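None of the figures in this text is laboratory data; all of them are computed from the coordinates on show. Everything quoted here is computed from the prediction, not taken from an experiment. No Cβ is skipped: glycine too gets one built from the backbone with ideal geometry, and neighbour counts run over all protein chains shown.
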Amino acid sequence: MPANEPFRLDGKTALVTGAGRGIGRAVALALAAAGAELVLVSRTARELHEAAGEIAGQGGRARVLPLDVTDSARVRDAVAGLGRLDILVNNAGVNRPQPFLEVDEETLDRLLTLNVRAAFLVAQAAARLMVAATGAKTGGVIVNMSSQMGHVGSERDRTVYVMTKHAIEGLTKAMAVELAPKGVRVVSIAPTFIDTPLVRPFFSDPTFRQWVLGHIPLGRLGTVEEVANAVVFLASPAAALVTGSSLLADGGWTAW
């Protein structure tokens with residue numbers, strides 16, 4: 001047996017939300033490279049088609065599903081219509097940094113709606129399909145995208161984001177316990193600051209950059225590929241005994 005066989009995902013169907021860019025796109029590419037057929041979800045069809053083309057270029061297969069994951073009715077119908085789903089990477093999310101005393105209700109509602117409510121409903125729809133389509137003990141996997149800030153509270157001007165990621169960690173544990181007898185594993189991955197187009201503008205502030213890097217013992221930002229590789233592990237048979245836990249890909253931030 002090849003040494004990397006436990007990490008292969010041949011014959012599996014994987015859905016990734018927020019798949020058009022950044023971490024989501026990297027995760028989709030990595031899952032495809034491991035053998036999975038991808039279902040790519042985000043609001044922007046153009047980005048999804050670009051990602052699907054990249055996957056096809058590396059010999060993989062991908063379907064494009066433009067969808068706003070906050071539209072619960074469409075989510076339920078779209079996921080149910082897949083017929084089969086083995087892996088969900090619940091990646092779609094947003095952040096809008098504001099000091100706690102200045103957080104407006106629009107920001108509060110936006111982050112709670114996408115980061116928590118939508119994540120819950122996408123996971124629920126996926127789990128229903130995983131259980132109903134193939135029965136128990138089949139090895140369905142749900143990977144919730146959390147953050148190092150789902151484990152601590154020390155991040156500037158991000159109280160709402162921190163709150164939502166703590167909710168994701170709690171959801172992961174509760175889902176894992178309830179779904180384990182039905183053959184579905186549920187895990188989360190908790191990255192530190194990752195070098196993406198959305199993060200880079202924050203690092204134009206030298207003070208902020210110094211503060212962040214000073215909290216990461218490895219002394220650097222993470223890459224999308226590093227997060228994606230960790231997701232492949234969590235989704236693969238190599239992690240068959242892993243459920244209800246969070247993999248901290250944080251460069252040591254939470255080890256302080």
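If you take the square roots of the eigenvalues of the alpha-carbon gyration tensor of segment 152-224 and sort them as a ≥ b ≥ c, do you get rounded (a/c under 1.5), prolate (a/b over b/c) or oblate? Prolate shape, in that a/c is at least 1.5 and a/b is the bigger ratio. For K165, the aspartates and glutamates whose Cα comes closer than 17 Å to its Cα, not counting residues fewer than 8 places off in the same chain, are D109, E155, D157, D250.
Between F100 and A133, the C-beta separation translates, for a Förster distance of 35 Å, into a calculated FRET efficiency of about 0.20.
When you count the other C-beta atoms within 10 angstrom of each residue and take the mean per peptide, 209-217, 172-180, 25-33, 114-122 line up highest first as 25-33, 114-122, 172-180, 209-217. Under 16 Å of direct C-alpha separation, and excluding same-chain neighbours fewer than eight residues apart, K12 reaches these aspartates and glutamates: E37, D86. What residues of segment 45-67 lie in the reach of a label at D10, counting those whose backbone N is under 16 Å from a point 7 Å from the Cα along Cα→Cβ? Flagged as within label range: 59-61.
Near the amide H of N144, within less than 5 Å, lie the amide hydrogens of N90, V187, S188, I189, all on another chain or at least 5 residues away, with H placed in the peptide plane. For segment 8-246, the Kirkwood hydrodynamic radius from C-alpha pairs, put into Stokes-Einstein at 4 °C and a viscosity of 1.567 mPa s, yields a diffusion coefficient of 72 µm² per second.
Karplus-derived 3J(HN,Hα) values for segment 121-132, using 6.51 cos²θ - 1.76 cosθ + 1.60 with θ = phi - 60°, are 6, 5, 4, 4, 5, 5, 5, 4, 5, 4, 6, 6 Hz; glycine and proline are entered as x. Model label points for A33 and R84, set 7 angstrom from Cα along the Cα-to-Cβ axis, are 2.5 nm apart. Placing pseudo-labels 7 Å out from each Cα toward the beta carbon at A174 and S245 gives an inter-label distance of 2.3 nm. Taking the Cα centroid of segment 60-123 and of segment 181-256, what is the distance between the two, rounded to the nearest whole Å? Segment 60-123 and segment 181-256 have Cα centres separated by 19 Å. Taken about its Cα centre, the chain carries a charge dipole of about 540 debye when Lys and Arg each add +1 at the Cβ and Asp and Glu each add -1 at the Cβ.
Here's the picture: a label point sits 7 Å out from the Cα of L198 along the beta-carbon direction, and within segment 6-23 the residues with their amide nitrogen under 16 Å of it are 16-23.
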